[in-house]
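To start, the structure itself, in structure tokens.
The values are calculated or read from the model by the stated rules, or taken from the named source; none is laboratory data. It should be emphasised that the depicted structure is a prediction, and the values quoted were computed from it without experimental measurement. Every residue, glycine among them, receives a Cβ derived from its backbone with ideal geometry; neighbour counts consider all protein chains shown.
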Amino acid sequence: MGVLDGTRVVDFGRYIAGPYCGALLGDLGAEVIRVERVEGGEDRWITPVTSDGVGALYLQCNRGKRGMTLDVTKPEGREVVARLIRTADVVIANLPAGTLRSMGLDDDTLRALKPDIILATVNAWGSGGEWSHKVGFDGLAQAASGNMFLSGPPGQPSRAAVPYVDFSTATITALSTLAALMHRRQTGEGQVIEASLLRTAVTWNSANLIEQAMLGVDRVSTHNRTQTAGPADVFRTRDGWVMCLALGSYQFRRWAEMIDRTDLLDDDRFKDDLSRGDNGVALSAYMGAWCADRTTDECLAEMDRHKVPGGPVLSPQQLLDLPHVRQVGILQDIDYPTATVASPLAGFPAVLSASPGIIRSRAPQLGEHTAEILGELGYDDAAVAALRGAGIV
């Protein structure tokens, strides 16, 4: 049982921002039906990890769903869509407005089929502006939001390797969908949700934007070094790397005691967080020299003993091997029919004591549940065979 048991979600999403929203709703108990092209959606094949080329991203973002193929450009396909919509509570589509209209997934068309439908959409730039027509992806939102400008080595804007804007936008869309379902329960009214990658990325960068608007500081990248506190940077050890994040006067005092430099407590360069950020190069030099003579484990042990926030810089394999990750249940091994090993999927990203989100099944194979879903919509075996013969499914 889940809090969304009895809720049907039809997921036309692609890549991350739509599909991961559907996965989260599925973790909470919703029945999620993924609809993709007959030959398979392009997101199915990114970073292939199975013998038939299914991608890692697909396995993560489409767990817990049933899958069907459908050509929505043909009249017969549009009729299947119409039948699906009449049974649905939520439609997910991270597609441009024009594409939504051409597929019959715009609000007016959906509402004519199901007046209380909730349409959860995601686009790149938001509606109503001069960029609204542009195509966009996670990295472009990182770039446009100011985040990339403040990342990487000085003078070399750098994209975060992980698509945090996409995953964050999907999570916001799932949260908004829950709010829309609550609103419908209270009023009987459906609605349209519009999330956007730029809106998410700008929100995450809001502190820097507020400071710029109010003070005009014109900050530039300082790579891994924090600009408003210190020491806060990444440091090489004898056998690896550690990060230290000393924020506030109490932590700065404990750090100074740890490296046996309590004289720095009376140095005006380091009198408060902003001063320590402004003079972070000097603080990083002190901490770098301290770390250089120690192993990573020795550094972390001392930081832990002095209650100075610090942690290792782990490779993906080191993270997979970290006992703590399994101990707290972040990853769950899920088998897939064409994979030789189980996939370590990240489960629902929060722990709920009474109504937990759980991975309920693996991602579907291409068209795995097509006949089953069509049967539920009233198509008999002959009608399903006819649709297959015509290339509709």
**Complete:** Of the candidates PRO316, PRO309, the one satisfying the condition of being surrounded by fewer than 13 Cβ atoms within 10 Å (Cβ to Cβ) and not hydroxyl-bearing (Ser, Thr, Tyr) is PRO316
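Out of everything in the stretch 65-120 that is among the hydroxyl-bearing types (Ser, Thr, Tyr) and touching a strand residue (DSSP E or B) at 6+ places or on another chain (Cβ under 9 Å), what residue ends up being surrounded by the most Cβ atoms within 10 Å (Cβ to Cβ)? Before the answer, list the steps.
Step one: of the stretch 65-120, the residues among the hydroxyl-bearing types (Ser, Thr, Tyr) are 69, 73, 87, 99, 102, 109.
Subsequent filtering for residues that are touching a strand residue (DSSP E or B) at 6+ places or on another chain (Cβ under 9 Å) retains 69, 87, 99.
Details: THR69: 22, THR87: 15, THR99: 14.
Going through the qualifying residues, I end up with THR69.
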**Item:** Selected residue (only one of ARG253, ARG199, ARG225 is outside the structural domain of ARG305 (by TED's automatic domain parsing), closer than 29 Å to ASP304 by Cβ, among the charged types (D, E, K, R) and surrounded by 15 or more Cβ atoms within 10 Å (Cβ to Cβ))
**Value:** ARG225
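Select from the stretch 128-158 the residues that are charged (D, E, K, R) and at pLDDT 95 or above and list them in ascending order. Spell out the reasoning first.
Taking the stretch 128-158 first, the residues charged (D, E, K, R) are 130, 134, 138.
Matches in the stretch 128-158: GLU130, ASP138.
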**Asked** Can you tell me how many residues in the stretch 365-393 are part of a helix (DSSP H, G or I) and touching a Lys or Arg at 6+ places or on another chain (Cβ under 7 Å)?
**Response** 1
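Which fully enclosed strands (runs of 3 or more DSSP E) of the stretch 61-128 have 1 or more residues being more than 22 Å from the chain's Cα centre (by Cα)? Break it down stepwise before answering.
Numbers: elements: 65-69, 90-93, 118-123.
In the stretch 61-128, 65-69 are the strands (runs of 3 or more DSSP E) which contain 1 or more residues that are more than 22 Å from the chain's Cα centre (by Cα).
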**Request:** Hey, can you tell me all the residues within the stretch 232-246 that are out of contact with any Gly (no Cβ under 6 Å at 6 or more places or on another chain), assigned to a strand (DSSP E or B) and not basic (Lys, Arg)?
**Result:** ALA232, ASP233, VAL234, TRP241, LEU245
**Asked** Give me the pairs: first residue in the stretch 56-79 and closer than 11 Å to MET103 by Cα, second residue part of a loop (DSSP other than H, G, I, E, B) and among the charged types (D, E, K, R), beta-carbon distance under 9 Å, and six or more apart or on different chains, which are they?
**Response** ASP71/ARG37; VAL72/ARG37; GLY77/ASP71
**Asked** Residues in the stretch 167-179: is at least one surrounded by 15 or more Cβ atoms within 10 Å (Cβ to Cβ), in contact with a helix residue (DSSP H, G or I) (Cβ under 8 Å, 6 or more places away or on another chain) and either part of a loop (DSSP other than H, G, I, E, B) or outside the structural domain of THR47 (by TED's automatic domain parsing) (or both)?
**Response** no
**Request:** With the checklist (1) more than 23 Å from VAL328 (Cα to Cα); (2) exposed (fewer than 11 other Cβ atoms within 10 Å of the Cβ) in hand, flag the one item VAL341 doesn't pass.
**Result:** (1)
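One residue is enough: does the stretch 42-60 have a residue meeting the conditions more than 22 Å from the chain's Cα centre (by Cα), in the same structural domain as PHE348 (by TED's automatic domain parsing), β-branched (Val, Ile, Thr) and closer than 27 Å to THR340 by Cα? Before the answer, list the steps.
Taking the stretch 42-60 and keeping what is more than 22 Å from the chain's Cα centre (by Cα), we get 50-53.
So of that shortlist, the ones also in the same structural domain as PHE348 (by TED's automatic domain parsing) come out as 50-53.
Going one step further and asking which of them are β-branched (Val, Ile, Thr), we end up with 50.
With the extra rule that they be closer than 27 Å to THR340 by Cα, the set shrinks to 50.
Yes, there is a match, as at least one residue in the stretch 42-60 is more than 22 Å from the chain's Cα centre (by Cα), in the same structural domain as PHE348 (by TED's automatic domain parsing), β-branched (Val, Ile, Thr) and closer than 27 Å to THR340 by Cα.
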**Request:** Take the residues in the stretch 256-277 that are in contact (Cβ under 8 Å) with a residue 24 or more places away in the chain and within 14 Å of ALA232 (Cα to Cα), then tell me which one is surrounded by the fewest Cβ atoms within 10 Å (Cβ to Cβ).
**Result:** LEU274
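So which residues in the stretch 192-231 are assigned to a loop (DSSP other than H, G, I, E, B) and among the β-branched types (Val, Ile, Thr), if there are any at all?
The initial filter retains those residues of the stretch 192-231 that are assigned to a loop (DSSP other than H, G, I, E, B), namely 205, 216-231.
Correct list: VAL217, VAL220, THR222, THR226, THR228.
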**Complete:** Over the stretch 282-297, the set of residues surrounded by 12 or more Cβ atoms within 10 Å (Cβ to Cβ) and in contact (Cβ under 8 Å) with a residue 12 or more places away in the chain is ALA282, LEU283, SER284, TYR286, MET287, GLY288, TRP290, CYS291, ALA292, ARG294, THR295, THR296
**Request:** Using the structure shown, decide if GLY126 is in contact with a Ser or Thr (Cβ under 7 Å, 6 or more places away or on another chain), surrounded by fewer than 18 Cβ atoms within 10 Å (Cβ to Cβ) and over 24 Å from VAL220 (Cα atoms).
**Result:** yes
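So is TYR336 hydroxyl-bearing (Ser, Thr, Tyr) and within 25 Å of the chain's Cα centre (by Cα) or not?
The answer is yes for TYR336.
Mind listing whichever residues of the stretch 365-389 are more than 15 Å from ARG37 (Cβ to Cβ) and either among the aliphatic types (A, V, I, L, M) or modelled with pLDDT under 95 (or both)? Step through it out loud before you land on a result.
Quick first cut of the stretch 365-389, residues more than 15 Å from ARG37 (Cβ to Cβ) only: 369, 371-386, 389.
Result: ALA371, ILE373, LEU374, LEU377, ALA382, ALA383, VAL384, ALA385, ALA386.
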